[in-house]
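This report concerns only the one structure given below.
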Amino acid sequence: MNQSVMNEVLPDDRQEPRQEGARKTAHRFADLGVHVTGTESDAAVVSAAAKLGEMFGAHLEGLLTNHIPAPPAVAAPGVDALAADLRRRGTETGNALFAKAKERLDGTGLRSDLRRVDGVALDFIEATARLARATDLFAIAQPGKNDVMMTPVLEGVLFNAGSAALIVPKEAAELGELETVLIAWRDTPECARAIAAALPLLQRASQVVLVSIAENGSDEERHREPAADTARHLARHGVNVEVRHVPRWKHPAEGILDQAQIVGAGLIVLGAYGHSRLREMILGGVTRELLETSRLPLFMVH
């Protein structure tokens, strides 16, 4: 349900005019990673990566993860033969998936490369992290619960590489010009890193809406000054930004999605809260809920 929102304009004596020259020295993406599986589920994520590649003249670095089950970790007759058979069949499957993924990337008309990793979740985490450290942004299809393919890739980008991830829902409409971008703002290092990484997109947007949702009764007043500081910082980078303070929501993720719908956002930028422990990605409640329910692309940084 929509709640009253207070829009904030910086006082005249502290107003930061958007720097026209900032457009001329705008940040850009040069290398875009994109995770592919060689299946129809690649359609939305490759389309989104291609759109960004066209915007920035970027190179696409594709990564295909091919799951090959490990044999039982027991010393028993026939285990070696089983392992060899799993590897052989998995490799054959991977060859076919690689060819399909390569065809889809080539179809974008952009400069692209495609590499492949065969194995299990830990192999995917490590391979994704290595590639993500050498790209500006890594596009991933929205993972489902217990997704053996997408979840390790997301973990590799966010927690092992500390890089920016673009989460693309399978049901998302084609990535448009991103005229309006919403920042789910919190006064945290994760959010600051997400904003810095998203600057190429924020500078291109016609309107950026910084939304601060109060988590308790005192938050709204306490967050006014740091939110205004962030807005001034963005203005100095040539970003046209508006600040919206939203009263407390029982489920902040719902408040973020509600505001995104109100302002017509095509992208949500946010910090990813959580950690990786014992090969399991533990996400904060709002991060997890947005990953599960958002129908808009999410730009996330841990």
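Please work out which residue is farthest from Lys51 (Cα to Cα), limiting yourself to region 106-131 and to residues that are in contact with a helix residue (DSSP H, G or I) (Cβ under 6 Å, 6 or more places away or on another chain) and part of a strand (DSSP E or B).
Going through region 106-131, the residues in contact with a helix residue (DSSP H, G or I) (Cβ under 6 Å, 6 or more places away or on another chain) turn out to be 108, 110, 112, 114, 116-118, 121, 124-125, 128-129.
When the remaining residues are screened for being part of a strand (DSSP E or B), the result is 112, 114, 116-118.
Values: Ser112: 13, Leu114: 18, Arg116: 23, Val117: 25, Asp118: 28 Å.
Step by step, filter region 106-131, then rank; the result is Asp118.
Take the conditions surrounded by 15 or more Cβ atoms within 10 Å (Cβ to Cβ) and hydroxyl-bearing (Ser, Thr, Tyr) and apply them to Thr91. Does it pass?
On the way: surrounded by 15 or more Cβ atoms within 10 Å (Cβ to Cβ): no; hydroxyl-bearing (Ser, Thr, Tyr): yes.
Here the answer is no, as Thr91 does not meet what is asked.
In region 150-191, what count of residues is obtained for those that are small (Gly, Ala, Ser), assigned to a helix (DSSP H, G or I) and touching a residue at least 40 places away in the same chain (Cβ under 8 Å)?
Just the residues of region 150-191 that are small (Gly, Ala, Ser), to begin with: 156, 161-165, 172-173, 176, 184.
From what is left, the residues that are assigned to a helix (DSSP H, G or I) are 156.
Filter once more, keeping what is touching a residue at least 40 places away in the same chain (Cβ under 8 Å): none.
Residues in region 150-191 being small (Gly, Ala, Ser), assigned to a helix (DSSP H, G or I) and touching a residue at least 40 places away in the same chain (Cβ under 8 Å): 0 in total.
Based on this model, can you work out whether Leu86 counts as outside any loop (DSSP other than H, G, I, E, B), within 14 Å of the chain's Cα centre (by Cα) and not assigned by TED's automatic domain parsing to the domain that holds Thr293?
Values: outside any loop (DSSP other than H, G, I, E, B): yes; within 14 Å of the chain's Cα centre (by Cα): no; not assigned by TED's automatic domain parsing to the domain that holds Thr293: yes.
Spelling it out, it is not the case that Leu86 is outside any loop (DSSP other than H, G, I, E, B), within 14 Å of the chain's Cα centre (by Cα) and not assigned by TED's automatic domain parsing to the domain that holds Thr293.
Within region 139-181, count every residue that is under 21 Å from Asp118 (Cα atoms), touching a Phe, Trp or Tyr at 6+ places or on another chain (Cβ under 6 Å) and not β-branched (Val, Ile, Thr).
Qualifying residue count, region 139-181: 1.
Do you know which of the residues in region 81-122 that are small (Gly, Ala, Ser) and in contact with a Pro (Cβ under 7 Å, 6 or more places away or on another chain) is farthest from Met149 (Cα to Cα)?
Initial filter on region 81-122 (small (Gly, Ala, Ser)): 81, 83-84, 90, 94, 96, 99, 101, 107, 109, 112, 119, 121.
Imposing the further condition that a residue be in contact with a Pro (Cβ under 7 Å, 6 or more places away or on another chain) reduces the set to 83, 121.
Numbers: Ala83: 20, Ala121: 7 Å.
Within region 81-122, the match that is farthest from Met149 (Cα to Cα) is Ala83.
Taking the stated definitions as given, is Leu154 touching a strand residue (DSSP E or B) at 6+ places or on another chain (Cβ under 6 Å), buried (at least 19 other Cβ atoms within 10 Å of the Cβ), on the phi < 0 side of the Ramachandran plot and not assigned by TED's automatic domain parsing to the domain that holds Val36?
Values: touching a strand residue (DSSP E or B) at 6+ places or on another chain (Cβ under 6 Å): yes; buried (at least 19 other Cβ atoms within 10 Å of the Cβ): yes; on the phi < 0 side of the Ramachandran plot: yes; not assigned by TED's automatic domain parsing to the domain that holds Val36: no.
Against the criterion (touching a strand residue (DSSP E or B) at 6+ places or on another chain (Cβ under 6 Å), buried (at least 19 other Cβ atoms within 10 Å of the Cβ), on the phi < 0 side of the Ramachandran plot and not assigned by TED's automatic domain parsing to the domain that holds Val36), Leu154 does not qualify.
With the checklist (1) more than 30 Å from Arg248 (Cα to Cα); (2) acidic (Asp, Glu); (3) at pLDDT below 95 in hand, flag the one item Glu126 doesn't pass.
In the conditions (1) more than 30 Å from Arg248 (Cα to Cα); (2) acidic (Asp, Glu); (3) at pLDDT below 95, Glu126 misses (3) alone.
Please enumerate the residues belonging to region 151-181 that are within 19 Å of Ser41 (Cα to Cα) and of a type in the set (A, V, I, L, M, F, W, C).
Val153, Leu154, Ala165, Leu166, Ile167, Val168, Ala172, Ala173, Leu175 - these are the residues of region 151-181 that are within 19 Å of Ser41 (Cα to Cα) and of a type in the set (A, V, I, L, M, F, W, C).
Table: residues versus (1) at pLDDT 95 or above; (2) more than 17 Å from Val246 (Cβ to Cβ); (3) in contact with a Ser or Thr (Cβ under 7 Å, 6 or more places away or on another chain).
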site: Leu267; (1), (2), (3): yes, yes, no
site: Leu270; (1), (2), (3): yes, no, no
site: His275; (1), (2), (3): no, yes, no
site: Met281; (1), (2), (3): no, yes, yes
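Consider Gly78 against the criteria (1) among the small types (Gly, Ala, Ser); (2) over 24 Å from the mean Cα position of the chain (by Cα); (3) at pLDDT 95 or above: it satisfies all of them except one. Which criterion is unmet?
Unmet condition: (3).
Give me the residue from region 206-228 that is modelled with pLDDT of 95 or more and surrounded by fewer than 21 Cβ atoms within 10 Å (Cβ to Cβ) and, out of that set, farthest from Leu52 (Cα to Cα). Let's see the steps before the verdict.
In the first step, residues of region 206-228 are kept if they are modelled with pLDDT of 95 or more; the result is 206-211.
Imposing the further condition that a residue be surrounded by fewer than 21 Cβ atoms within 10 Å (Cβ to Cβ) reduces the set to 206-207.
On the way: Ser206: 16, Gln207: 18 Å.
If we take residues in region 206-228 being modelled with pLDDT of 95 or more and surrounded by fewer than 21 Cβ atoms within 10 Å (Cβ to Cβ), then Gln207 is farthest from Leu52 (Cα to Cα).
The values are calculated or read from the model by the stated rules, or taken from the named source; none is laboratory data. Keep in mind the model is a prediction, meaning the values are calculated, not measured. With ideal geometry, Cβ positions are generated from the backbone for all residues, glycine too; neighbour counts draw on all protein chains shown.
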